[in-house]
Structures are given as C-alpha cells and as structure tokens.
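First the structure, in the form of structure tokens, and then the observations on it.
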Amino acid sequence: MGMPKYDRLLHILNLLRSRRNLNAARLAQECGVTERSIYRDILSLSEANVPIYFDRGYKLASDNFLPPLNFDFEEYTSLKLALESSPLARADRYTNVLKRIRGKVDAGLSQSVRQQRQTAVQTTHIEIPVSQSEQNAQRYYRLIEMAIVDSRCIELHYQSITSGETERRVEPYFIVFRARAFYFVAYCRLRKEFRTFRIDRILGMTLSEERFSPRRDVNPRDYFEGSWEVYSGEPVEVVIEFTGSAARVVQSGRHHLSEVVETLGPDHVRYRVTVNGLEEIKRWILGFGDEARVVSPEELRGELLTIGEYLAATYRPAEGRKP
C-alpha cells in the first residue's frame, strides 16, 4: 500500500513541531521514503507558505501559519490540492500514526464540508520528472546540511548572475526557501560579507576539513527582514499609486510585512512599503505596466525612466510601418 503525499506532509509537520534537529536522512527514515522525496516534501511545504528553514536540523519558524481545523470546503480542498501526491511506499509502522493525523484533520470539518467532500471529484498531484540540475541541487543540498551541522567550510564553484563563474570558500549558516527556490546563506571569504546563494546555481561543491565558529547573531528569522524576496540592501521607503486591475491585485493579498495600503478612490490605491534594496520591487512594479506610478524615491523613478526610454527606442515601429 502507498501513503498519499498529503498524509506524509502532515506527518512531517507533526515531527517538526514535536522534535528538534531532524535532518533529511532522519525524516526519510521516519517516513519510510528516500531523502530525495523528503527534499520534494520540504519544497511542497515551503511553496504552501509553511515557514521551514534548516539550521542544524529542520525547524518551523512559527506555528501561526497553520489554519484552524474548522476551515471551509474551499480552504480544505486548496490545502489538499497543494499537498496531495501519487502514492509512495509506506512504512507499516506508521499506519496508526497516519490514521490519527487524518482523524484530527477530519474532526475539525463541519458537517457541510464533510458532505461536500463526499461528492467532490478527487484530484491527485502528479510527480514531475526531476531534471539533471535539480538532481545536482538535491545532492548539494545534502552536503550543505552536513556543513551547517558540523560548522565546516565549503569550497564552492558558483554561477553568479552578476559575476559569472567564481570559486570561493564560504561558511554556511542556514537553508531557506524563498522566491520559488532554495537558497543558503553563508559568509563569503571572497566578498568578505554574508551572501545568499541559490542552490541550483551551484556548479560544484566540496566539503572542507576547516571548521568555523558560527556567529550567534545571524539567523533566518532576522536575516531577510525588510527584503522584498531575497536580495538585501539599504532600507528605503517606496510609495506607488496603483489603478485599475493593478489596484485590485494589490488589495487582494499581502505582499510585504511593512506594507500600508491607502484607498484613494475606486480602483485607485496608494501603496507604501519599506524594503531593503530596490532591484526586486522594481521588477514587481514593471509587471503592472501603466497601472503603476512610482511617487518616490527619485532613484527608483529614474531607473524606471531609463527602462522606459530603452523600451520605447527598442520597440518603436520602423519608419513607414504602422504601430
């Protein structure tokens, strides 16, 4: 018999809430699956906004993300669709544990949700084949785990977006999932500062025998505070006015912890946020086209003007052609 991924993810959440310093190998042993399956499970949980990070073992940043068990049918099916998978091998020793987990979830359903569940069409998440780069990332992930636990340096061959290929020795601190990818934060001996490295951009990696003394003031809860997604920089306040459908998008959900949204009129809002660095929020703003107008800072307005001039010159119709 196989264990649905939905049940296994609930089991992993309970393990993380009740035990400390569980790595991928131990979670795989507890769940009766391979480490590769555990890495996929961590990815699925992270994509569902479960705040998991690795710091000498997997941990939950907070339990506040868990929805109340009396959720409605849409919430229940959304969670199920996000986490459910095709059956994988199940360890018999966990049969009763999984039954208890399912019982706790089902106990919180209202009668109307239970009735809807009985008549709803069942859906299944389909496993996607893993590419070679993803396989490499999973292998490097395991090495980074080991380095973090043992406080060992890493010899890193890395493909940087800005610097190209580089060789560097780094001191790894923790692994996080942000902006749809896995990253690890490390002190870079080459740049002499803390850097965030995307795991699937690693071209090669070896563990060094050298050990380092970790700083106690560097942790995943504080490191990304103020960042839009991944990048860091000096804090800066950004004010944007959104209109039309962009205003409705901004009002429909939360995009940053520091944001303040002020309604100016029908489909017209002023958005105020303080972020570390402008690069990532600039890309977000560009996605709204002419329905977003930056009020401040002037630096960001100037960068967008430069982009706009480039686009106008690049896509200007050729002479004699209609636009």
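The values are calculated or read from the model by the stated rules, or taken from the named source; none is laboratory data. All values derive from a computational prediction rather than experimental measurement. Virtual Cβ from ideal backbone geometry, glycine too; neighbours counted across all protein chains shown.
Considered as a group, the residues in segment 219-237 that are surrounded by fewer than 16 Cβ atoms within 10 Å (Cβ to Cβ) and part of a strand (DSSP E or B) include one that is farthest from the chain's Cα centre (by Cα), and that residue is 237. Listed conditions (1) of a type in the set (D, E, K, R); (2) at pLDDT below 90; (3) under 20 Å from the mean Cα position of the chain (by Cα) are all met by residue 216, apart from (3). Is it the case that segment 189-197 has a residue that's in contact with a helix residue (DSSP H, G or I) (Cβ under 7 Å, 6 or more places away or on another chain), under 26 Å from residue 49 (Cα atoms), outside the structural domain of residue 51 (by TED's automatic domain parsing) and not in a loop (DSSP other than H, G, I, E, B)? No, because not a single residue in segment 189-197 is in contact with a helix residue (DSSP H, G or I) (Cβ under 7 Å, 6 or more places away or on another chain), under 26 Å from residue 49 (Cα atoms), outside the structural domain of residue 51 (by TED's automatic domain parsing) and not in a loop (DSSP other than H, G, I, E, B). Residue 211 meets each of the listed conditions (1) surrounded by fewer than 16 Cβ atoms within 10 Å (Cβ to Cβ); (2) farther than 30 Å from residue 55 by Cβ apart from (2).
All of (1) closer than 19 Å to residue 179 by Cα; (2) at pLDDT below 85 hold for residue 41 with one exception: (2). Looking only at residues of segment 178-188 that are buried (at least 20 other Cβ atoms within 10 Å of the Cβ) and aromatic (Phe, Trp, Tyr), we find that the one that is nearest to residue 50 (Cα to Cα) is 182.
Filtering segment 250-267 for residues that are surrounded by 14 or more Cβ atoms within 10 Å (Cβ to Cβ), within 15 Å of the chain's Cα centre (by Cα) and within 18 Å of residue 148 (Cβ to Cβ) leaves an empty set.
On the given criteria, is residue 46 closer than 20 Å to residue 143 by Cβ, surrounded by fewer than 19 Cβ atoms within 10 Å (Cβ to Cβ) and outside the structural domain of residue 175 (by TED's automatic domain parsing)?
Numbers: closer than 20 Å to residue 143 by Cβ: yes; surrounded by fewer than 19 Cβ atoms within 10 Å (Cβ to Cβ): yes; outside the structural domain of residue 175 (by TED's automatic domain parsing): yes.
Here the answer is yes, as residue 46 does meet what is asked.
For beta carbons closer than 8 Å, sequence separation of 6+ or different chains, a first residue in segment 40-53 that is farther than 13 Å from residue 8 by Cβ and a second that is among the hydroxyl-bearing types (Ser, Thr, Tyr) and at pLDDT 85 or above, the qualifying pairs are 52/58. Scanning segment 269-322 for residues that are touching a residue at least 60 places away in the same chain (Cβ under 8 Å) and hydrophobic (A, V, I, L, M, F, W, C) turns up just one, 300.
Here residue 172 fits the description: in a strand (DSSP E or B), modelled with pLDDT of 90 or more and either surrounded by 12 or more Cβ atoms within 10 Å (Cβ to Cβ) or out of contact with any His (no Cβ under 7 Å at 6 or more places or on another chain) (or both). Going by what's in this entry, would residue 208 be described as within 23 Å of the chain's Cα centre (by Cα) and either in a strand (DSSP E or B) or of a type in the set (Gly, Ala, Ser) (or both)? No; evaluated as a whole, the condition is false for this residue. In this entry, residue 193 is excluded by the filter for residues that are surrounded by fewer than 13 Cβ atoms within 10 Å (Cβ to Cβ), in contact (Cβ under 8 Å) with a residue 12 or more places away in the chain and of a type in the set (D, E, K, R). If you go through segment 17-43 and keep only what is of a type in the set (A, V, I, L, M, F, W, C), under 18 Å from the mean Cα position of the chain (by Cα) and surrounded by fewer than 21 Cβ atoms within 10 Å (Cβ to Cβ), you end up with just 43. Selection of segment 196-214 for residues being without any contact (Cβ under 8 Å) to a residue 40 or more places away in the chain and under 13 Å from residue 172 (Cβ atoms) yields only 196.
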